[in-house]
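Structure, as structure tokens:
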Amino acid sequence: MRPILAMAALVAALVVPEAQAQKVIRVWHTETQPNSQQAMRNIAARFEAKNPGVKVELEALAWTDLEGKIMASLAAGTPPELSHGQPITCTALQSKGLLLPLDDVVKALGEDNIFDQIKRVCRVEGKQYGLVHAAGTSLLIYRKDLVRKLGLKPPKTWADLVANAKALARPGMYGITIPGDNLFINILLGELIASNGGMLFDKSNRPQVTSKQMVETLEFLKELTRYAPPGWEGHGYRETFTNLYGQKAAMMFQGYGRGASLIEANAPKDMANADFFDVWVKPHGPSGKAPVAQVDEEPWMLFKGARNTREAIEFLKFFYQKDNYLEYIQTVPIHFFPITKSMRGDRDYQSTPMIQRWKGWLDAQEHYLSRDLGRPTLVVDWADMNNKPYLMEVLGSGILRDMVMDVLLENKAPKEATGRAQRRLEDLLKSKGYLK
Amino acid sequence: MNQGRAGWLLVLPALLLLCALTVYPVAYGIWISFFNKHSFFPEQSFIGFANYLAVFADEEFWQALRLGLVYSASTIALQLVLGVGAALLLNEAFAGRALVRAVAIFPYVIPTVVAVIVWKWLLNSQFGLVNHLLGSPISWMGRDWIMVSLIVVSVWQFFPFVLLAVLARLQTIPQDLYDAAKVDGAGALRRFIDVTLPQLAGVLFVVVLLRSIWMFTKFDTPWLMIQGGGAETYIRTLPIYTYLRTFGYYEAGRGSAMAVLMFLMLVAAAALYFRLWRREEQL
């Protein structure tokens, strides 16, 4: 018996103190691309080396799993220290008092050094509850060679875009391709209604989907999708991109900078460059004055219920340090637009080979970001960010997608489809207590 | 300790497990169907039968029920036809039968996620093999065809279950019955109708019951069909809509009410099925 007890005591002496001393920072992120995951692992390893007793546990999650996992961890009382999330998720969680501010990280980066657009994401009463890891706007990608051949001009208005789609369409080549799944239709609709001077909800939370601007938006989409591949409603984002680089479509309305890597990897070798696939600034609607692009900008969120929040803040500061942040951004350089002006102007960053090759794509993103023409998903006005914590439910419900499909596929009159969506949205908001 | 008490003590662990893993979750699901409850935030208020009334008034619910019935009825019918047909073939003696039998159950043993990904690539409207062979660009994941695609994938995946059950029963039918029928002058069709089918009735009764329950509550196949594309609205069956209500709208109470209704529908359908078809001597 005695030897067993002695052995147990020895094991306890060796193992338990170390386990107790070790502080774990759990980090959930949505960058599942292998090189991005490797960059995160490298950064975590360097942080651990500098901070003995602290361990960073990274988990890369698919987008579709993230929200549910965050919510489940909150329900169980075991949230991670840090996680990515949609801006509207950040707002929803902040409104429930579940997040801690990241102001120390903002200070470390230099408040003036961060693009204003980035600071507007999940900022409540002067406190930054979500800090974007990198931003990337949606892009209107087109086949430059075909456009040149036909002598087409960049579209300023939706009517111009429809005309271009019509001109580019020919047997075996569709004029445009757009994804039809719920997330992307929501992104698209938020973008278009903002580009047409409309809104989704008014200040009293009343849905505004029966507005003239929305009807115009639906009519535009109906016209535009006449030149999309049949069955576009069943295409996901990757399939849409395949249509573009697979030479089945001449334009893609909801592209992102990440797609430059897809083009380089999959388009025919002599075409896999910006001379064949370029971007235009998006057009605006008949009732709007300027285009608005959705910004894919997931903020880091720090959870109040987590154990090691102080260490998590230190990790985030470390993440944004020049060498670490540069390594991370260079894994998807055309989509990870840096959040700081210093990095944007940095010589090492600028000399990234892929940035040199796809410069126009980054310039287009800067056009939106520097002119305040970029918005997170479903955020039409910046005030929506904090005043409408129900956008997460609106997105999840699929009501807006159903409205679009009612008009585009079921041939319902926009008035009928918007009326139905209006009723459903009102029911949703009433059941949540946001609308009386 | 008397024998009765000892007996209770022996079954106690199993009872506790049953309560923890089955009774409690089901009871909790029924309980929260009477609340306006957020799926994750600790917010809830008692609202009695309001969730049930809202479900009955919800046109999406009835549409989902209709789609679910179309999906389950057609897949069950096709699985039966294909499964019984394949079992009859594989019950005959021919060279390589063992290999064909092994290959025939292949769809049933591969993970659903793999099956669906493979089928989605085959059915891709622009680059898929099926359209290439057909020579026409059918949008299999679009509005008009996605239900057909879902049915095809589901039947392909699940007909081996029918095949296995029926083949096992076919192998136990006494040869004497067929010999006697032959002596009476019965042809192949007559023998199938008068000998084989009555002998299969018992196993088909169980197979139809199980497959009906499984297809009506089938979630993974339709769900995977609409991940990363796929015209979701047109295959939004009841389990998908229940999930959407619970994790899209974040309405756990309403989602639970729908799940309870789905359960009651199945109980009612099973009771009716037993009443109409049960023949003790065949089971």
Looking only at segment A:394-418, count every residue that is within 13 Å of chain B (Cβ to nearest Cβ), open to solvent by 10 Å² or more (accessible area, probe 1.4 Å) and not in a loop (DSSP other than H, G, I, E, B) and tell me the total. 4
Please give the number of the condition A:Val332 fails out of (1) β-branched (Val, Ile, Thr); (2) open to solvent by 10 Å² or more (accessible area, probe 1.4 Å); (3) under 28 Å from A:Asn273 (Cα atoms). (2)
For A:Asp270, work out the one condition from (1) touching an Asp or Glu at 6+ places or on another chain (Cβ under 8 Å); (2) surrounded by fewer than 19 Cβ atoms within 10 Å (Cβ to Cβ) it doesn't fulfil. (1)
Quick one: which of A:Asp406, A:Asp363 is in contact with a helix residue (DSSP H, G or I) (Cβ under 6 Å, 6 or more places away or on another chain), among the acidic types (Asp, Glu) and without any contact (Cβ under 8 Å) to a residue 24 or more places away in the chain? A:Asp406
Test result for B:Ser154, among the small types (Gly, Ala, Ser), away from chain A (no Cβ under 13 Å), open to solvent by less than 10 Å² (accessible area, probe 1.4 Å) and under 23 Å from B:Ala86 (Cβ atoms): yes
Where in segment B:117-232 are there helices (runs of 4 or more DSSP H), lying wholly inside it, with at least 3 residues that are touching a Ser or Thr at 6+ places or on another chain (Cβ under 9 Å)? B:146-170, B:197-216, B:220-225
Condition check for A:Met385: open to solvent by less than 10 Å² (accessible area, probe 1.4 Å), away from every other protein chain (no Cβ under 13 Å) and assigned to a helix (DSSP H, G or I): yes
Would you list the helices (runs of 4 or more DSSP H) that sit entirely within segment A:42-156 and hold 3 or more residues that are crowded, with 18+ Cβ neighbours inside 10 Å and modelled with pLDDT under 95? A:63-75, A:87-95
Positions within segment B:124-148 being under 18 Å from B:Asp220 (Cα atoms) and either away from chain A (no Cβ under 13 Å) or without any contact (Cβ under 8 Å) to a residue 40 or more places away in the chain (or both), in sequence order: B:Val148
Tell me, which residue of segment B:205-225 that is within 14 Å of chain A (Cβ to nearest Cβ) and open to solvent by less than 50 Å² (accessible area, probe 1.4 Å) is nearest to the chain's Cα centre (by Cα)? B:Pro222
From the options B:Gly228, B:Gly202, residue that is open to solvent by less than 30 Å² (accessible area, probe 1.4 Å), farther than 22 Å from B:Phe61 by Cα and of a type in the set (Gly, Ala, Ser): B:Gly202
Residue in segment B:116-123 that is more than 14 Å from chain A (Cβ to nearest Cβ) and within 22 Å of the chain's Cα centre (by Cα) present: yes
Does B:Val183 satisfy the condition of being within 16 Å of the chain's Cα centre (by Cα) and away from chain A (no Cβ under 14 Å)? no
Within the bounds of segment A:296-318, is there any residue that is touching a strand residue (DSSP E or B) at 6+ places or on another chain (Cβ under 9 Å), closer than 29 Å to A:Leu152 by Cβ and modelled with pLDDT under 95? yes
Given (1) without any contact (Cβ under 8 Å) to a residue 12 or more places away in the chain; (2) within 14 Å of another protein chain (Cβ to nearest Cβ), where does A:Asp202 come up short, assuming only one miss? (2)
Answer with yes or no whether A:Gly246 is surrounded by fewer than 23 Cβ atoms within 10 Å (Cβ to Cβ) and within 14 Å of chain B (Cβ to nearest Cβ). yes
For the list (1) more than 14 Å from chain B (Cβ to nearest Cβ); (2) over 17 Å from the mean Cα position of the chain (by Cα), I need the number of the one condition that A:Ile118 fails. (2)
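The values are calculated or read from the model by the stated rules, or taken from the named source; none is laboratory data. From a predicted model like this one, the values you see are computed outputs, not experimental measurements. A quick note on method: Cβ atoms are made from the backbone with ideal geometry, for glycine too, and the neighbour counts reach across all protein chains shown. The accessibility values were calculated without ligands, DNA or RNA, using every heavy atom of the protein model including side chains. Shrake-Rupley method; radii C 1.70, N 1.55, O 1.52, S 1.80 Å.
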